[in-house]
Amino acid sequence: MGKVAVFGAINQDVIALCERRPRAGETVLGSALLHLPGGVGANQAVAVASAETECVLIGAVGDDPAGTQLIAFLNERDVDTTHVRTIDDAPTGTAIIVVDASGENNIVIVPGANNYASDSGAVEFQAGDVLLTQFEIRIETIAPFFERGRRSGCINVLNPSPAAPLAPELAALVDVCVLNESELKALSGVPVDVNDEQSIIQAARSLLPGNATVVVTLGDRGAIAIQPDREITVHAAKVDVVDTTGAGDCFVGSLAACLATGRPIRDALDYANRAAAISVTRQGAGPSMPTRKEVLS
Ligand code: RIB
């Protein structure tokens, strides 16, 4: 059984709850303000550890109370934070999030210390480990991380979020790419009709070379894994949505955890899909990740 090494952003989420998100130039009244743990890297690391898979997080926080609280939360959730650096020159990353009554959100990220995150090479990788990263850290730091993974026989998983161009040299290092429909549209440059599965499949196949797997998350419709010779679809359960923030991170982290334990992609998709469905019934991102026991029951 391998571990998952997550290289990614750690944020304090400052969340305003409101009935309806404001339009451009509009002011609306909120009903509550919350400060909760977040950041795609940290959220995915919590999802991995919650699935009872060993997880080490590589990242950076500022030398401030938010950084201290985030490290304490991650440790409480069994994430190894030995390789999270504390940076003097920048504050802990912050995400300003507006969540409406239907659970949908808008997010603005101020990266702060995340811009200083780097893989020092100190974490040793074994064959079968999963390396997982996203685009909330400096993109140029990702290829050297994945090159280390390739040399060690690891599975490199990329979640290109927030969407940014995927260079061919980086694409060549990816074994599994997990992204949502809007990220697929932005990265593939191929027209995607969200109601037409064939257009999703074609766009996904154009994204990565060789034998790589592309997993497209479809929100409340589930997810689809696209491989060179087949597609696997899973359907989402109907749930009462409280907050969709971090649902994608829950899916990605859970999938990575299953791949590190050697489970086939169909089982991994099924587990990740169930975990994400539970996460949207809870407030916030980091704290909404369900335990393995909750997912299995
Ligand atoms: O994916 C949700 C996350 O995006 C939030 O926790 C926020 O910190 C941003 O990184």
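The values are calculated or read from the model by the stated rules, or taken from the named source; none is laboratory data. Please read all numbers here as calculations on a predicted model, not as lab measurements. Note that each Cβ is placed from the backbone with ideal geometry, even for glycine, and that neighbours are counted across all protein chains shown. Surface areas here come from the heavy atoms of the whole protein model, side chains and all, with no ligands, DNA or RNA. Shrake-Rupley method; radii C 1.70, N 1.55, O 1.52, S 1.80 Å.
Here are some notes:
- Alpha carbon Rg of segment 76-147, scaled by the compact-globule rule 2.2 N^0.38 Å: 1.37
- Here the chain has 50 percent of its accessible surface on carbon and sulfur atoms, given a 1.4 Å probe and all protein chains in place.
- Rg/Rh for segment 34-78 stands at 0.95; both radii use Cα atoms, and Rh follows the Kirkwood definition.
- Unit Cα scatterers, Debye sum, segment 170-297: log10 I(q)/I(0) for q = 0.13, 0.21 Å⁻¹: -0.51, -1.24
- Around the amide H of ASN180, modelled in the peptide plane, lie the amide H atoms of THR217, all under 5 Å away and 5 or more residues distant in sequence or on another chain.
- In Å, descending, principal axis extents of the Cα set of segment 218-262: 36, 21, 13
- Here the chain carries DSSP beta bridges of which approximately 40% are antiparallel, counting only pairs with both residues inside.
- Residues whose placed amide H lies under 5 Å from that of ILE58, excluding near-sequence neighbours: VAL6, PHE7, GLY8
- The charge dipole of segment 181-240, taken about the Cα centre with unit charges on the Cβ atoms of Lys, Arg (+1) and Asp, Glu (-1), comes to about 140 debye, rounded to the nearest 20.
- Peptide ranges 21-29, 6-14 listed from the most packed, as the mean C-beta count within 10 angstrom indicates: 6-14, 21-29
- Dipole magnitude for the chain: about 420 debye, using +1 per Lys or Arg Cβ and -1 per Asp or Glu Cβ, origin at the Cα centre.
- The Cα atoms of segment 14-116 define a convex hull whose projected area, averaged across directions, is 7.5 nm².
- Relative intensity, log₁₀ I(q)/I(0), of segment 163-218 from a Debye sum that treats every alpha carbon as a point, q = 0.27 Å⁻¹: -1.16
- Each residue of segment 11-25 was assigned a 3J(HN,Hα) from its phi angle through the Karplus expression (A = 6.51, B = -1.76, C = 1.60, θ = phi - 60°), giving 10, 8, 8, 9, 10, 9, 8, 8, 5, 9, 6, x, 7, 4, x Hz with x at Gly and Pro.
- Ellipticity estimate at 222 nm from DSSP helix runs (n ≥ 4, -39,500 (n - 2.57)) divided over the chain, nearest 500: -9000 deg cm²/dmol
- Accessible solvent surface per residue of the chain, calculated while the other protein chains remain in place, 1.4 angstrom probe, Å²: 43
- Cα centroids of segment 58-137 and segment 179-233: 27 Å apart.
- Under 19 Å from LYS293, Cα to Cα: aspartates and glutamates that are on another chain or at least 8 residues apart: GLU52, GLU54, GLU76, ASP78, ASP249, ASP267, ASP270
- Average silhouette area of the chain, convex hull of alpha-carbon atoms, in square nanometres: 14.8
- Heavy atoms of TYR116 accessible to a 1.4 Å probe, total area in Å² rounded to 10: 90
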